[in-house]
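What follows is calculated from the coordinates using simple rules that are stated; it is not laboratory data. Keep in mind it's a predicted model, so treat the numbers as computed, not measured. Ideal geometry is used to build each Cβ from the backbone, glycine not excepted, and the neighbour counts take in all protein chains shown.
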Amino acid sequence: ANQTTVLAFDLGASSGRALVGRLQTGESGVRTLEVTEIHRFPNHAIQVGNHLHWDILRLLHEMKKGIRTAFQLGYGPATFGIDTWGVDFGLLDANGELIGNPYHYRDPQTEGLIEEVNALVGKEKLFRESGLQLMPFNTIYQLYAMRKAASPKLDIARTLLLTPDLLAYLLTGIRSCEFSMATTTALYDPGKQAWNKALMERLGIPSDLFLEPVHPGTIVGPLSAEVMAELGVPAMQAVAVGTHDTESAVAAVPAGDEPFAFLVCGTWSLLGTEMAGPLLTDETLALDFSNEGGVGGTYQLLKNIMGLWILQECKREWDEQGREIGFGELAAMAEKAEPFRSLIHPDDPRFFGHGGMVDKIRAFCVETGQPVPRDEAEFARCIIESLALRYRQALEQAERLTGRVYAGLHMVGGGIQNTLLCRFTANAIGKSVWAGPVEASAIGNLLAQLLATGECRDLREARALVAASFPIDFYEPVVDASWENAYEKFVGFGRT
Ligand code: ADP
Ligand code: LRH
């Protein structure tokens, strides 16, 4: 196998993809990373009774297809890595078999549990020991929900594997736990750098399910003999990358040495800044920021923002009604709609759940005394403007927490294909936006493999490779009073 060819699986909440990365050295000696997408597949929630699940075996099937394709096309990657959305997991029984179908983080089983766990543990204590925003989908609430439902699955579970580790296990037979995903559970204490067994015991969550985390850039081991035989491919080593997609994306932000602010823009919007360690202060809790472990010993101080999920869900409704409009077209229609006619607060909890999004937006507008959007263009405009305003609020909060002023915002992820959103974001924050690369999570995943094999020395060198390899779009802000006025109205919604 070619040491400089690596394969990334990046699974987001709306789609998964396989990309091959090849290190090239140009005539001048400058190294670049050439990236080719070889497979892409949809990913959705599947409702069963009143639960929502991921179709984990379908995802495994698509990944196998990706592996086969990588070899059929002659790339012969030496290693592969998997990154996925955060917090979700599968449980293994004593025979190493997967128990049931993993839950989707939007499963309504965790409704009301933030308050219940706060009452048991204390909000401040929970934050100090987890570093995370209290979000209903955090692994802690999912396990607590299963305990409350007296789930027999918990009784027979021997090992918990977070989604990327679970998929790696299904391909290699090797159990592992990667650090960046571990920090999304709220059961890992970033201050002590250890699993929080006392907290698990307090909540009746078995405390022996979790493996010792390994850091991104650790080699896990080869494909299992069964998978190699089934796919007709040679041994390829799994690498624990920044298996949390957000962390892989931040690793691929083409920033230099200065502290920078980022926005990972996909189904979710994650806005924050890279830190050397967690910031576990009262102010972080008050402003509702998370500390999430990343690649190269970093921590991301970030806010989870509901993101393009809101537009995705509207689009899903319109598609189901036979009015199929692509994301690009929706943005183009929004551009022609009346500015600032109606705004929502994207992080109003009503927007979190699956379904009924168009009506939820209407209800928000009615409750806040605003006109209701009348057509797809007006809904899209409302969502895109509201997200841009939320980004300004989160960026100002990040600056307050770190005491720094950022020169602009680095946007990465699928959402930057919405150029209207990038433009509006620059206008809302009154600063430059650098947009790119789109496939940041997959690229960060490839970079962690190059770190594991020694092709890249450190994160700084890896980021320089991104800057040398991918075009970055630049948006200059157009500052006028309309964004300022809209921001005043937005802040009036009164959420942190
Ligand atoms: P995730 O990995 O979180 O599922 P992605 O990073 O793939 O999400 O981003 C998906 C989002 O990107 C979609 O919700 C959509 O809003 C946006 N998007 C995708 N393609 C386009 C496009 N051609 N034009 C504008 N926006 C797009
Ligand atoms: C984005 C993401 C985000 C998590 C959410 C569950 O894909 O990983 O960082 O909080 O999914």
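With the requirement that a residue be of a type in the set (Ser, Thr, Tyr) and either buried (at least 24 other Cβ atoms within 10 Å of the Cβ) or over 18 Å from residue 305 (Cα atoms) (or both), what does the range 225-272 give you? Within the range 225-272, 243, 246, 248, 269 meet the criteria. Residues that are farther than 18 Å from residue 74 by Cα and in contact (Cβ under 8 Å) with a residue 12 or more places away in the chain were ranked within the range 18-39; the one that is farthest from ligand 2 (Cβ to nearest atom) is 30.
Scanning the range 42-75 for residues that are away from ligand 2 (no atom under 16 Å from the Cβ) and either within 28 Å of residue 91 (Cβ to Cβ) or part of a helix (DSSP H, G or I) (or both) yields a count of 22. Scanning the range 274-303 for residues that are out of contact with any strand residue (DSSP E or B) (no Cβ under 8 Å at 6 or more places or on another chain) and either surrounded by 24 or more Cβ atoms within 10 Å (Cβ to Cβ) or of a type in the set (Asp, Glu) (or both) turns up 282, 283, 295. Take residue 141 and decide whether it is surrounded by 17 or more Cβ atoms within 10 Å (Cβ to Cβ), in a loop (DSSP other than H, G, I, E, B) and of a type in the set (Ser, Thr, Tyr). So residue 141 fails the test. Return yes when residue 178 is surrounded by fewer than 20 Cβ atoms within 10 Å (Cβ to Cβ) and of a type outside the set (Phe, Trp, Tyr) and no when it is not. The answer is no for residue 178. Selection of the range 353-389 for residues being of a type in the set (Val, Ile, Thr) and more than 28 Å from residue 104 (Cβ to Cβ) yields 366, 368, 372.
A quick yes/no check of all residues on (1) more than 19 Å from residue 79 (Cα to Cα); (2) β-branched (Val, Ile, Thr); (3) touching a residue at least 40 places away in the same chain (Cβ under 8 Å):
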site	(1), (2), (3)
136	yes, no, yes
139	yes, yes, yes
143	yes, no, yes
147	yes, no, yes
160	yes, no, yes
165	no, no, yes
169	no, no, yes
194	yes, no, no
198	yes, no, no
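For the range 334-359, the set of residues classified as more than 22 Å from the chain's Cα centre (by Cα), touching a residue at least 40 places away in the same chain (Cβ under 8 Å) and over 21 Å from residue 483 (Cα atoms) consists of 358 only.
Scanning the range 418-442 for residues that are within 16 Å of ligand 2 (Cβ to nearest atom), touching a Leu at 6+ places or on another chain (Cβ under 7 Å) and in a helix (DSSP H, G or I) yields a single hit, 442. Which condition breaks for residue 62 when tested against (1) within 16 Å of ligand 1 (Cβ to nearest atom); (2) out of contact with any helix residue (DSSP H, G or I) (no Cβ under 9 Å at 6 or more places or on another chain); (3) closer than 24 Å to residue 153 by Cα; (4) in contact (Cβ under 8 Å) with a residue 40 or more places away in the chain? Only one criterion is unmet by residue 62, namely (3). Pairing residues of the range 74-89 that are among the basic types (Lys, Arg) with residues that are within 16 Å of ligand 1 (Cβ to nearest atom), at Cβ distances under 7 Å and at least 6 apart in sequence or on separate chains, gives no pairs at all. Residues in the range 285-331 that are without any contact (Cβ under 8 Å) to a residue 60 or more places away in the chain and among the small types (Gly, Ala, Ser) were compared, and the one that is farthest from ligand 2 (Cβ to nearest atom) is 322.
Of the residues making up the range 97-114, just one is in a strand (DSSP E or B) and either under 12 Å from residue 50 (Cβ atoms) or of a type in the set (Phe, Trp, Tyr) (or both), namely 103. In the condition set (1) buried (at least 18 other Cβ atoms within 10 Å of the Cβ); (2) of a type in the set (S, T, N, Q); (3) more than 30 Å from residue 491 (Cβ to Cβ), residue 218 is compliant with all but (1).
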